[in-house]
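The values are calculated or read from the model by the stated rules, or taken from the named source; none is laboratory data. Predicted model, so just to flag it, every value in this text is computed and none were measured. Using ideal geometry, Cβ is built from the backbone for each residue, glycine included, and neighbour counts are taken over all protein chains shown.
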């Protein structure tokens, strides 16, 4: 029918390399992992292939289902996933996005993983939750060498084994966290779960956990009150003898997004667990895991910004209005370039922090100190920024972006999660101030990084001076926590862009984020910005 001719519609973006960009590979090489470029490119194309895009869509449209009992009435406490979810997990594990970097001393392993998380994340965000927790559990386990020796090889093995079985009899393991309780939330010291010594170097845990992500994982780090205070425990899903642990799934959460990943309430009823670290040192022990999952929150934010930018530019390139392509309309150019600036800045900073993580794992104390504050401020800011970035990218597609088929609504629903995960905005901002008060050397390391760009741009220097002034008023420091941490995050991105970034992107960032010439919405870049270079760097490649 002539009224149903399809004209002026955008061709599919599936099949294109949409998650990689020059800033990613520049960072990959700069931080010592250029050897991984081929695999990163491979993952980017695989993640946006028809097969994996379908897998991600189906895994979200048909979320996991809880089966508490079998047909005969026996308690089983299992979560059923679509086969496509397992395909996503198998690919991620096979490419070493989980605990694999910890098994190698090769320089750049953690940097390579960071780039692969960004490249592969285009397929689905939900399954990256258990992948991230499996990566993050290793440094926490290393506080207890016997446990690390037993389980780390299986947490880093590149074979995905989803069957419920005794952990040491499996080909590979997935780990999770089970910390949050209904009365405490982020205040984990208010946890009421109890751990009683069993007299054989194990403990028995009893309590209710309000949020446990990926409850079909093999092992969980959990917090409970032991005789010596709040302590960290490793709780297996299945006991060493092959029988189920006293780990009961009460219900799965009906979440805003992140549908492919199950999150549930768990009841421990005299559940078996091993102490990790020392009694009374639970928070200090598990913070090693939290730091690594915060890194992944920042990586996912950078990946989400890249994905939104790619969709917006692709649409604007092929869609025409008022006689020319949207990408050639001045107002749209401003919006797209503004989105691209944030995306490139985010990628640049997370690759720098991934490099710090990599070097810190191999004994570089200066990089460990820098990471402590840099990761905290970056996690806070990027995870906040992602939501507004996603809204603007969706709007670039107009009504088409509001339709599920475009993929943008799923990206929009995912955006708030990483801001909540591992500490919501206030928790992340206050944690930064707390770290600065407790670890002056970490503050010095962070400011030393900012100093490297001093003199490169007067606008940057003026913003840096304002940050120093922010710390002169100690009485209202907590009230101004978000303002201070935001300025720190922006200065870190600005410092990196001025030193190692593209000059056009650096100029746009400093002018619009650090100087006075900026607006509230995206698309408010000042006149004179080299938007052509910025957009060329952000375009989708075949």
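Can we say residue 53 is surrounded by fewer than 20 Cβ atoms within 10 Å (Cβ to Cβ) and either more than 30 Å from residue 355 (Cβ to Cβ) or in the same structural domain as residue 324 (by TED's automatic domain parsing) (or both)?
So residue 53 fits the description; yes.
Select, from 151, 160, the only residue that is assigned to a loop (DSSP other than H, G, I, E, B), on the phi < 0 side of the Ramachandran plot and assigned by TED's automatic domain parsing to the domain that holds residue 239.
160
Does segment 527-542 hold any residues that are surrounded by 15 or more Cβ atoms within 10 Å (Cβ to Cβ) and farther than 19 Å from residue 311 by Cα, and which are they?
Within segment 527-542, 529, 530 meet the criteria.
I'd like the full set of residues that are under 21 Å from residue 422 (Cβ atoms), surrounded by fewer than 20 Cβ atoms within 10 Å (Cβ to Cβ) and in contact (Cβ under 8 Å) with a residue 40 or more places away in the chain, limited to segment 150-202.
Hits for segment 150-202 are 186, 188, 189.
Do the conditions hold for residue 515, that is, is it under 28 Å from residue 28 (Cα atoms) and more than 28 Å from the chain's Cα centre (by Cα)?
Judged against the criteria, residue 515 is not a match.
Could you grab me the full set of residues in segment 282-323 that are without any contact (Cβ under 8 Å) to a residue 24 or more places away in the chain and under 30 Å from residue 405 (Cα atoms)?
Those that are without any contact (Cβ under 8 Å) to a residue 24 or more places away in the chain and under 30 Å from residue 405 (Cα atoms): 321, 322, 323.
Would you mind finding the one in 66, 58 that is closer than 19 Å to residue 262 by Cα, touching a helix residue (DSSP H, G or I) at 6+ places or on another chain (Cβ under 8 Å) and surrounded by fewer than 23 Cβ atoms within 10 Å (Cβ to Cβ)?
Exactly one residue qualifies, and that residue is 58.
Would segment 177-185 turn up any residue that is modelled with pLDDT of 95 or more, closer than 17 Å to residue 272 by Cα and assigned by TED's automatic domain parsing to the domain that holds residue 250?
The answer is no, given that none of the residues of segment 177-185 is modelled with pLDDT of 95 or more, closer than 17 Å to residue 272 by Cα and assigned by TED's automatic domain parsing to the domain that holds residue 250.
Determine which member of the set 165, 125 is under 17 Å from the mean Cα position of the chain (by Cα) and in a loop (DSSP other than H, G, I, E, B).
125
Going by what's in this entry, would residue 382 be described as closer than 19 Å to residue 290 by Cα, modelled with pLDDT of 95 or more and assigned to a helix (DSSP H, G or I)?
When the stated conditions are applied, residue 382 passes them.
Looking at (1) in contact with a helix residue (DSSP H, G or I) (Cβ under 7 Å, 6 or more places away or on another chain); (2) assigned to a helix (DSSP H, G or I), which is the one condition that is false for residue 427?
(1)
Conditions (1) surrounded by fewer than 20 Cβ atoms within 10 Å (Cβ to Cβ); (2) over 17 Å from residue 236 (Cβ atoms); (3) assigned by TED's automatic domain parsing to the domain that holds residue 427; (4) in contact with a helix residue (DSSP H, G or I) (Cβ under 9 Å, 6 or more places away or on another chain), marked per residue:
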site: 259; (1), (2), (3), (4): no, yes, no, yes
site: 266; (1), (2), (3), (4): no, no, no, no
site: 269; (1), (2), (3), (4): yes, no, no, no
site: 273; (1), (2), (3), (4): no, no, no, no
site: 288; (1), (2), (3), (4): no, yes, yes, yes
site: 294; (1), (2), (3), (4): no, yes, yes, yes
site: 299; (1), (2), (3), (4): no, yes, yes, yes
site: 302; (1), (2), (3), (4): no, yes, yes, yes
site: 305; (1), (2), (3), (4): no, yes, yes, yes
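With the condition kept exactly as written, say whether any residue in segment 464-480 is more than 30 Å from residue 124 (Cβ to Cβ), touching a residue at least 24 places away in the same chain (Cβ under 8 Å) and assigned to a helix (DSSP H, G or I).
yes
Criterion first (under 16 Å from residue 284 (Cα atoms), loosely packed, with under 15 Cβ neighbours inside 10 Å, more than 26 Å from the chain's Cα centre (by Cα) and touching a residue at least 24 places away in the same chain (Cβ under 8 Å)) does residue 229 satisfy it?
Yes.
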